[in-house]
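As structure tokens, the structure follows; a few thoughts come after it.
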Amino acid sequence: MAKKVTMSDIAAAAGVSQSTVSLVLNGSTSVKIADITKHKVLETAESLGYRNKKVAHALGRPKKVALVINGLSSYDPFIDAINAAREEAWANDYILVTFNYSHDEVLASKIEAEINSGDYAGLVYASSMTRDLEQQRVNTTLPTVLLNCTNESLSDTPSILPADMIGAYKAVSHLTQQGYRRIAMLTGENWMLASQQRSEGYRQALIDADIIPNSDYLAEASWSLKEAHQQTLALFKSAQPPEAIFCGSDYMAMGCYQALAELGLKIPQDVAVVGYDNQQIASESFPALTSVELPYSDMGKLAVESLMALIEKQPLLSSKRKVEGELIIRTSSTK
């Protein structure tokens, strides 16, 4: 680990007293110090790698990084990723400026011009929906990290994604380990990367538990509470209805809860239920819903850490990072 740069180090390198360094770095106006001395102290501190907001601002280093996203719903858990990115940027002396162009092409072009104005050091290009990008709408030559999305044509651009396959595997393994065999899944829209990854995790967990996946137990509910309600009712028209249901989102799990209540079935006594996302509703529902946490906060922090490495021309361990979420076990799935 590199030795922390102290004010004594700066004083020795700049040929001034430690008290002078302290006054300059703390922006004190109690003592008049010549501009040439101030500049020398600031340049020396910067060259030695001293981390201080005042140093960076005084030397005119670019202090902004951009996060661009295309749309957020009124309450979207992806806001956790944005908040974590903002905090990590500020911890590195950068202001994170968030732009949302919401399918407005004119606005997108204005944002692109703003980001390329010279005031920004890098870009986090984000999606609230995990997906493969066909193209990046806002383009720049600045260091760029993709958050919750990927682009195969930009293989050199780092991307941060949730490990959805592993999350689903954890959820379904939790059910198989308790002896459940007939396990259904309510999926999102099949074209979406999150749906594909979670469905694959579901399938692999069944196979590893020596359970042959049954297509009759796989129902597309399109991330909709209403569709989840209807699909759950349909599953119980089967001669062998499921013993447990893995829902691809907590929102769909609420539709599943409603359907099971209509059928007079109790959770978890008659049917176990597991969700995904670990939104606030999971802990507040009755019974409390077992759910896989979406690691948005960790992803937002890692995106900015990766961007800082690119800005400072440091090597990255991997161009594609997948972040695992924890399985939070609650009443809905325990025997």
The residue from Arg131, Arg182 that alone is in contact with a strand residue (DSSP E or B) (Cβ under 6 Å, 6 or more places away or on another chain) and of a type in the set (D, E, K, R) is Arg131
Among the residues of segment 164-218, which ones are of a type in the set (A, V, I, L, M) and more than 21 Å from Glu293 (Cβ to Cβ)? Ala184, Leu206, Ile207, Ala209, Ile211, Ile212, Leu218
Per-region count, segment 78-107, residues in contact with a Phe, Trp or Tyr (Cβ under 6 Å, 6 or more places away or on another chain) and surrounded by fewer than 18 Cβ atoms within 10 Å (Cβ to Cβ): 2
Filter result (in a loop (DSSP other than H, G, I, E, B) and among the β-branched types (Val, Ile, Thr)) within segment 207-227: Ile211, Ile212
In segment 85-113, which residues are of a type in the set (Gly, Ala, Ser), touching a Gly at 6+ places or on another chain (Cβ under 9 Å) and within 12 Å of Val304 (Cβ to Cβ)? Ala85
Identify all residues within segment 264-286 that are open to solvent by less than 10 Å² (accessible area, probe 1.4 Å) and over 27 Å from the mean Cα position of the chain (by Cα); write none if there are none. Val271, Ala272
Test Trp223 against the criterion of being hydrophobic (A, V, I, L, M, F, W, C) and either in contact (Cβ under 8 Å) with a residue 12 or more places away in the chain or open to solvent by less than 70 Å² (accessible area, probe 1.4 Å) (or both), and give yes or no. yes
In segment 164-209, residue surrounded by the most Cβ atoms within 10 Å (Cβ to Cβ) [restricted to those that are in contact with a Gly (Cβ under 8 Å, 6 or more places away or on another chain), aliphatic (A, V, I, L, M) and closer than 19 Å to Ser222 by Cβ]: Leu186
Could you tell me how many of the residues in segment 102-146 are assigned to a loop (DSSP other than H, G, I, E, B), under 20 Å from the mean Cα position of the chain (by Cα) and at pLDDT 85 or above? 1
If Ser238 satisfies every condition in (1) out of contact with any Leu (no Cβ under 8 Å at 6 or more places or on another chain); (2) under 30 Å from Glu87 (Cβ atoms) but one, which is the exception? (2)
Yes or no: Gln204 more than 16 Å from Val271 (Cα to Cα), in a helix (DSSP H, G or I), without any contact (Cβ under 8 Å) to a residue 12 or more places away in the chain and not small (Gly, Ala, Ser)? no
Which is at pLDDT 75 or above and touching a Leu at 6+ places or on another chain (Cβ under 6 Å), of Ala14, Ala66? Ala66
Out of the residues in segment 228-259 that are outside any strand (DSSP E or B) and in contact with a Lys or Arg (Cβ under 8 Å, 6 or more places away or on another chain), state the one that is farthest from Leu294 (Cα to Cα). Gln240
Residue among Lys301, Lys237 that is touching a helix residue (DSSP H, G or I) at 6+ places or on another chain (Cβ under 8 Å) and open to solvent by 20 Å² or more (accessible area, probe 1.4 Å): Lys301
Identify, please: which residue in segment 240-263 is open to solvent by 10 Å² or more (accessible area, probe 1.4 Å) and farther than 20 Å from Ile212 by Cα and is, among those, nearest to the chain's Cα centre (by Cα)? Tyr251
Residues of segment 297-327 that turn out to be farther than 13 Å from Val65 by Cβ and touching a Gly at 6+ places or on another chain (Cβ under 6 Å), as a count: 1
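This table checks each residue for (1) part of a strand (DSSP E or B); (2) more than 19 Å from the chain's Cα centre (by Cα).
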| site | (1), (2) |
| --- | --- |
| Cys149 | yes, no |
| Ser153 | no, yes |
| Met165 | no, no |
| Ala168 | no, no |
| Leu175 | no, yes |
In segment 114-159, residue nearest to Val65 (Cα to Cα) [restricted to those that are surrounded by 19 or more Cβ atoms within 10 Å (Cβ to Cβ) and in contact with a Cys (Cβ under 9 Å, 6 or more places away or on another chain)]: Tyr125
Just to check your reading of the model, which residue among Ala108, Ala113 is farther than 25 Å from Pro295 by Cβ and either touching a residue at least 60 places away in the same chain (Cβ under 8 Å) or out of contact with any strand residue (DSSP E or B) (no Cβ under 9 Å at 6 or more places or on another chain) (or both)? Ala113
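The values are calculated or read from the model by the stated rules, or taken from the named source; none is laboratory data. These figures come from a predicted structure and were not determined experimentally. Every residue, glycine among them, receives a Cβ derived from its backbone with ideal geometry; neighbour counts consider all protein chains shown. We work out accessible area using only protein heavy atoms, side chains counted, and drop any ligands, DNA or RNA first. Shrake-Rupley method; radii C 1.70, N 1.55, O 1.52, S 1.80 Å.
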